[in-house]
1. In the stretch 438-466, how many residues are under 16 Å from Asn373 (Cβ atoms) and open to solvent by less than 30 Å² (accessible area, probe 1.4 Å)?
2. Yes or no: the stretch 27-41 includes at least one residue that is in contact with a helix residue (DSSP H, G or I) (Cβ under 8 Å, 6 or more places away or on another chain) and either surrounded by fewer than 17 Cβ atoms within 10 Å (Cβ to Cβ) or at pLDDT 95 or above (or both).
3. Taking Ser265 and the conditions (1) in contact (Cβ under 8 Å) with a residue 40 or more places away in the chain; (2) closer than 30 Å to Tyr313 by Cβ, which numbered condition does it fall short on, given that it satisfies the others?
4. Please determine whether any residue of the stretch 499-508 is part of a helix (DSSP H, G or I) and either at positive phi or not β-branched (Val, Ile, Thr) (or both).
5. Taking the stretch 66-83 only, how many residues are outside any loop (DSSP other than H, G, I, E, B) and small (Gly, Ala, Ser)?
6. Pro70 versus (1) open to solvent by 10 Å² or more (accessible area, probe 1.4 Å); (2) at pLDDT 95 or above: which is the lone unmet condition?
7. Would you confirm whether or not the stretch 399-409 contains a residue that is closer than 18 Å to Thr545 by Cβ, part of a loop (DSSP other than H, G, I, E, B) and open to solvent by less than 30 Å² (accessible area, probe 1.4 Å)?
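The values are calculated or read from the model by the stated rules, or taken from the named source; none is laboratory data. Predicted, not measured: the structure shown is a model, and the values here were computed from it. A quick note on method: Cβ atoms are made from the backbone with ideal geometry, for glycine too, and the neighbour counts reach across all protein chains shown. Accessible surface is based on the protein model in full, side chains and every heavy atom, while ligands, DNA and RNA are left aside. Shrake-Rupley method; radii C 1.70, N 1.55, O 1.52, S 1.80 Å.
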Amino acid sequence: MANRKSTCCGVSVLAVLFIAMTTLCVVLLTLLVTQKTQAGVTPHSYLIGVGRADCTGPPAEVPLMGYANPQQLAAGIHTRLYSRAFIIDDGRRRVVFVTVDVGMISQRLRLEVLQALKLKFGDVYRQDNVVLSGTHTHSGPGGFFQYTLFMISSKGYIRSSILPLVNGIVKSIDIAHRYMKPGRIYRSRGQLEDSSLNRSPHSYMNNPEDERHRYTSNTDKQVMVLKFTDLDGDGIGMLSWFSVHAVSMNYTNRMVSSDNMGYASYLLEQDKNPGDLPGQGGFVAGFSSSNLGDVSPNTRGPHCVNTGQSCDYLNSSCPVGGTKMCQAFGPGNDMFDSTRIIGHNIYRKAKELYKNAVEEVTGFLHSAHEWVNMTNVTVQINSTHTVSTCKPALGHSFAAGTTDGGGDLNFTQGAVEGDPFWDGIRDAIVGEPSNQTKECHHPKPILFSTGEMNWPLPWHPQIVDVQIITIGSVAVVAVPGEMTTMAGRRLRDAVKQELQSEGTFEDTEVVIAGLSNVYTHYITTYEEYQVQRYEGASTIYGPHTLSAYVHKFRGLARAIAQDKVPKEPVGPQPPFFTKNLFNLLHQASVDKTSVNSSFGDVLQQVHPVYRQGDVVSITFVAGNPRHSGDIRDKTFVTVEIYDNRTDSWEVVHTDASWETRFHWLKGSNGQSNTTVEWFIPPSAPGGYYRIKHFGHFKRMKGLRPVITPYEGTSDVFRVSTSFYYQ
């Protein structure tokens, strides 16, 4: 009996322990599932938010940023500019990727955005988990830099230019934040042909032969797409990367434009948001830049525009007219047509990849960030040798420009020797480069030793962001400049190798997000640097710039792979200048009209009847668009159709539409006018239409400026269907 009792008690104890352990496991699992459910995340889903916001700045008198052409001042709107934000949360961490219709992200723009995010969200969005990337359109307003060289080329630090960008970026993130929902991510990639051309093939050919033979092209043709859906499979957004300069709109353009990348976004968003005006609708399509440093969309290639002959292969110049006459064009008949073709190609491939994306992205999120002083990075290249970066400097070939936009002076690409005339002028105005800088940058002949120029502020940044975010098996490398094709390939390989070294990342897809966080010009390979074409001359930290970036990004990737990312900010923080920021943009003058005319009056009226495919043109007496202030979420133009069922006018196009063009022409004595063009699409329904123009003018009352709104309206005209336009 005693034995049986003992056995019975033993079984009872084991049973109790078993029940207790089972209960504990169930409780723990329940808590885990509850936590995930509360966060809105299941093991196979993320919390996802997408947002888009207008960030268009002043479309008049402000220099357009990209070509550094002082005559290229904004004078209207081709298409509006938008910020598109994508937030992903796995229940533990959160990352944000923003692609913005802007030439590049300046350090000042990033710092101001981060300040605004901290005010609004506290520590949720920080320098380590927010990536800001520019599409690289060369047709957006400048004036958003804090370093002297960039301020000189864009008339200084212009508050009215940077505020729309800051507010638009923050608003896009805020919208994405407010509408986060459980969802899934899928990835897909493919090749896009006939949409890019290497504009420095001579530099590319200087890379090792065995390395070049690993690739079928001297540009990256890959398009990478992330597809975002809700849990029901309905699409909420798409993010894509492709390597091509957004310079289909050339240096003669005077209208604010999102260029080819922006047009791709426009087309896909119109597809996915049927019936909505541009900039409206829930689906957000972001097209981001990548390693585009030597990649042009002008696929007909460079020719001497004055003779029709081919340009010199080595230095891209012409016998008569030099580099200015050597220009690349195509594939369209003009810059608008080329923008349409390239943008449509990018859109079409992304749409195809989006539709066929079935490879689900799973896994945790990571983000790693470091501030680096790029003027003194030392890299061990083998067991006996180290190399170092340099203080910033620009070479002579920088002033030659590229085949997408040549310089005005007699500089040529490929210069490995200085010019006594220009060097003498440089020495007299800004001083001679030090011997140390000359040696460090060899074989670059230095035009401007910007790292040794600090008045009234430093001419180039020293402290640079390096950053990686990972979304499951997709790693996004935020590069602070324009990487060439081969430089990007080397960096992608290095990051992928480090991420997979610990066995925690499998089948990793590494994409480069160019023009991110701070702008530092170009990044070439060491071999390309020796040729000293425009890209090499613009690699400001010297011949070992790429090696330094590879070293730093490897470190971030290794930290992610080992899950040892520092929790505190790493590296010396960049400056935020409050003094000596200068503004060379004059105040907009008082608006005037001719005798017996008023603002909004029609100077050139529409015709009574048009057909699909025709262009409607109308000219109004106008005020300076700068007097309209913050123009985000507004419009200077509407095209309206009459609805006889409701006896009302319905807006079918705004100045954000591809089909409209808003031109502002500044005249003499404070007078100006606006011409609105509507390119009637073949799909436009027949009916009665009108065009309206909205604006503001400034007058003085005593010593006080008074801003007054006005509007003008065209006569009613008819669009008639015709078998001539099927």
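1. The qualifying residues number 8.
2. Step one: of the stretch 27-41, the residues in contact with a helix residue (DSSP H, G or I) (Cβ under 8 Å, 6 or more places away or on another chain) are none.
No, that holds for no residue.
3. Exception for Ser265: condition (2).
4. Residues of the stretch 499-508 that are part of a helix (DSSP H, G or I), as a first pass: 499-500.
Imposing the further condition that a residue be either at positive phi or not β-branched (Val, Ile, Thr) (or both) reduces the set to 499-500.
Within the stretch 499-508, one or more residues are part of a helix (DSSP H, G or I) and either at positive phi or not β-branched (Val, Ile, Thr) (or both).
5. Of all residues in the stretch 66-83, those outside any loop (DSSP other than H, G, I, E, B) come to 73-77, 82-83.
Next, from what is left, pick out any that are small (Gly, Ala, Ser): 74-76, 83.
So the answer is 4.
6. (2)
7. Of all residues in the stretch 399-409, those closer than 18 Å to Thr545 by Cβ come to none.
For the stretch 399-409, residues closer than 18 Å to Thr545 by Cβ, part of a loop (DSSP other than H, G, I, E, B) and open to solvent by less than 30 Å² (accessible area, probe 1.4 Å): absent.
Matching residues to (1) small (Gly, Ala, Ser); (2) closer than 27 Å to Ser45 by Cα; (3) out of contact with any helix residue (DSSP H, G or I) (no Cβ under 8 Å at 6 or more places or on another chain):
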| position | (1), (2), (3) |
| --- | --- |
| Asp423 | no, no, yes |
| His460 | no, no, no |
| Asp465 | no, no, no |
| Thr470 | no, yes, no |
| Glu482 | no, no, no |
| Thr508 | no, yes, no |
